[in-house]
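Q: Submitted below is the structure of interest, expressed as structure tokens.
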Amino acid sequence: MRICPPLEASGEPRSDRHLVFTTPYVILRTSKAEWMAYFERSLALAELRDPAEKLHELMKFGTEPRHWCEYVFLAYVNHVQEAVFVTGIPDIKESLPHAGPQTL
């Protein structure tokens with residue numbers, strides 16, 4: 001996480017609110033179509049009715065506890081100071097470089 005100092009806009013009183021930026025994740029070697037299919041499979045399992053709420057819940061919490069943390073752990077490829085590189089689709093174990101027979 002990166003904490004940035006308060007922005008100073010001319011004519012505005014100085015704020016004590018800082019901005020927080022996280023390191024972006026860059027997804028490699030997977031297509032938009034693969035991710036859209038993943039979203040369709042995952043959203044079909046959600047119990048909520050509203051599509052926007054389903055998507056929010058999936059992106060915030062995933063389909064199970066530690067869903068996104070596990071994805072990043074199993075999909076990790078490399079990193080630089082500015083980004084973390086991952087690959088694979090969360091529910092396709094064979095697409096994840098660090099998913100072995102006992103994972104997921």
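Q: For the range 32-62, run through the trypsin sites (Lys or Arg not before Pro) and keep only the ones in DSSP coil with at most 12 other Cβ atoms within 10 Å of their Cβ. The partial results should precede the final answer.
A: Numbers: sites: 32, 41, 49, 54, 60; in loops: 49.
Within the range 32-62, the qualifying trypsin sites (Lys or Arg not before Pro) (loop, at most 12 other Cβ atoms within 10 Å) are 49.
Q: Name the most mobile residue of 42, 15, 31, meaning the one with the largest mean-square fluctuation, in a Gaussian network model of the chain with Cα contacts below 10 Å.
A: Largest GNM mean-square fluctuation: 15.
Q: What value, in deg cm²/dmol to 500, does the helix sum -39500 (n - 2.57) over DSSP H runs of n ≥ 4 give at 222 nm once divided by the residues of the chain?
A: Numbers: 3 runs with 34 residues, N = 104.
It lands at -10000 deg cm²/dmol.
Q: Which GluC sites (Glu not before Pro) does the range 51-104 hold that lie in a coil by DSSP with at most 12 other beta carbons within 10 Å?
A: On the way: sites: 53, 57, 70, 82, 94; in loops: 82.
Loop-located and lightly packed - 82.
Q: Same structure again: Quick one: which residues, 5+ away or cross-chain, put their amide H under 5 Å from the amide H of residue 26? H built at 1.01 Å from N.
A: Close amide H contacts, sequence-distant or interchain: 84, 85, 86.
Q: Where Rh is the Kirkwood radius over the Cα pairs of the range 24-104, the temperature 4 °C and the viscosity 1.567 mPa s, what D in µm²/s does Stokes-Einstein return?
A: Taking Rh from Cα pairs, D becomes 96 µm²/s.
Rule-based calculations on the coordinates, nothing more; no lab input. Predicted model, so just to flag it, every value in this text is computed and none were measured. Cβ sites come from the backbone with ideal geometry, for glycine too, and all protein chains shown count toward neighbours.
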